[in-house]
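One structure is given here, and the rest of the page talks about it.
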Amino acid sequence: MTIRPKHQRLILLSLALVALMGAVLLAMWGLQDRAAYFVTPVDIAAGKAGDGRAVRLGGMVVNGSLRRNADGVTVDFIVGDGKATTPVRFRGITPDLFREGSGVVAEGRMEGDLFVADTILAKHDERYMPPQMEPMTGNMTANVQ
C-alpha cells in the first residue's frame, strides 16, 4: 500500500501543528510560575494582589521609612504611590541605588498586610521611570512619622 502525495502532505501538516501546539503549551507551562503582574500600592489596597500570588510592586520608597534590622540583611520600608502605601520586608542585599525617595520595583507576594519581597530592583539612572509611576514622583515628599 502506498500513500499518495496528497495524504503525505496532510500527515506532515498535522504533525507540524501538533508539534507547534506542544511547544506553545510547554512555553505557557514554563512561564506559569514566573509571570508576575505589576501592581501599585493602590492596587494592593483594592485587593488586586491576593495572598500568595507573585506580583511586582512598584512605587517610591517613602522618606523616613527605611529601617535595617539588627541581623544586617533584613530591610523594612514602605512603598507609596501618593495615594496609598504598602509595608515591605526584604531579606538580602539591596542594590546600591536603593534608597529613600527613589523608585523601586519589588518582586514578591503579600503575606497578610505585609509585602514580602524576594527581589528588589532600583532604578538605574535618573531618567528611568516605569510609565505607571511617572505621575507619582512629585507626591512622595511627605515623611513617615
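The values are calculated or read from the model by the stated rules, or taken from the named source; none is laboratory data. Just so it is clear, the model here is predicted, and its values are computed rather than measured. Counting neighbours? That spans all protein chains shown, and the Cβs are built from the backbone with ideal geometry, glycine included. Note: accessible area is taken over every heavy atom of the protein model, side chains too, but ligands, DNA and RNA are not part of it. Shrake-Rupley method; radii C 1.70, N 1.55, O 1.52, S 1.80 Å.
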Exactly one of VAL104, VAL24, VAL79 is modelled with pLDDT of 90 or more and in contact with a Ser or Thr (Cβ under 9 Å, 6 or more places away or on another chain), and that residue is VAL79
Of the residues in region 27-45 that are part of a loop (DSSP other than H, G, I, E, B) and modelled with pLDDT under 90, the one that is most open to solvent (accessible area, probe 1.4 Å) is ARG34
So ASP51 ticks every box in (1) open to solvent by 100 Å² or more (accessible area, probe 1.4 Å); (2) free of Cβ contacts under 8 Å to residues at least 60 places away in the same chain but one. Which box is left unticked? (2)
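Scan region 56-74 for residues that are crowded, with 21+ Cβ neighbours inside 10 Å and among the hydrophobic types (A, V, I, L, M, F, W, C) and jot them down.
Listed by number, the residues that qualify are LEU57, MET60, VAL61, VAL62.
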Could you please find all residues in region 78-102 being closer than 18 Å to GLY64 by Cβ, of a type outside the set (S, T, N, Q), under 17 Å from the mean Cα position of the chain (by Cα) and open to solvent by less than 70 Å² (accessible area, probe 1.4 Å)? ILE78, VAL79, GLY80, ASP81, PRO87, VAL88, PHE90, PHE98
List the number of the failed condition for ALA70; all other conditions in (1) in a loop (DSSP other than H, G, I, E, B); (2) under 21 Å from the mean Cα position of the chain (by Cα); (3) hydrophobic (A, V, I, L, M, F, W, C) hold. (2)
(1) modelled with pLDDT under 90; (2) assigned to a loop (DSSP other than H, G, I, E, B) all hold for SER65 apart from (1)
